[in-house]
Amino acid sequence: MENIITLERISIDIGRRKVVVDGKEVELTLMEFKLLLKLMEIRGKIISREKLLTDVWGLESDVNTRTIDTHIKLLRKKLGALGKSIETIRGAGYRFSPPSPAIPPRRDGEASASAELRARSATADRSARFSLGRS
């Protein structure tokens, strides 16, 4: 049984410790691999530096170290354009948010991609305002 995680343009083969981005293999150190795997497993959710230290490095969370920052920086660089998917959430930690799939090409009689994006954004804005107003 293969244990592969694929998100958008990135794929991790856990058993082979292999990472492929846009069809090209990316060489990662063991810690970079573990860090990326953890971020992809909880994609879209914020994980604190302390939790990363515990889960990836096996260190106590009270250790004062910049190792996470250094590894995140190196990992972003190795992932190229996809490295922007690793977000720093100030005061909270990090989050892996891969880019959304591309909007399908426009067909005759359908709204343009930019119009569809504007409509999605407006809906999200209305939802956010509604939920904020109810608090």
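The values are calculated or read from the model by the stated rules, or taken from the named source; none is laboratory data. Just so it is clear, the model here is predicted, and its values are computed rather than measured. FYI the Cβ positions are ideal-geometry reconstructions off the backbone, even for glycines, and counts take in every protein chain you see.
A compact table of results
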{"read-out": "Extreme residue, farthest from the chain's Cα centre (by Cα), among residues of segment 66-100 that are assigned to a loop (DSSP other than H, G, I, E, B) and among the basic types (Lys, Arg)", "value": "Arg66"}
{"read-out": "Subset of segment 27-36 (residues that are of a type in the set (A, V, I, L, M, F, W, C), surrounded by 13 or more Cβ atoms within 10 Å (Cβ to Cβ) and out of contact with any strand residue (DSSP E or B) (no Cβ under 6 Å at 6 or more places or on another chain))", "value": "Met31, Phe33, Leu35, Leu36"}
{"read-out": "Qualifying residue in segment 42-54 (condition: over 17 Å from Gly91 (Cα atoms) and of a type in the set (Asp, Glu))", "value": "no"}
{"read-out": "Qualifying positions in segment 51-66 - free of Cβ contacts under 8 Å to residues at least 24 places away in the same chain and not basic (Lys, Arg)", "value": "Leu53, Thr54, Asp55, Gly58, Leu59, Glu60, Ser61, Asp62, Val63, Asn64, Thr65"}
{"read-out": "Of all residues making up segment 51-65, the number that are modelled with pLDDT of 75 or more and in a loop (DSSP other than H, G, I, E, B)", "value": "2"}
{"read-out": "Options Lys45, Lys77, Lys24, Lys84: the member that is closer than 23 Å to Ser11 by Cα, modelled with pLDDT of 85 or more, touching a Gly at 6+ places or on another chain (Cβ under 7 Å) and exposed (fewer than 13 other Cβ atoms within 10 Å of the Cβ)", "value": "Lys77"}
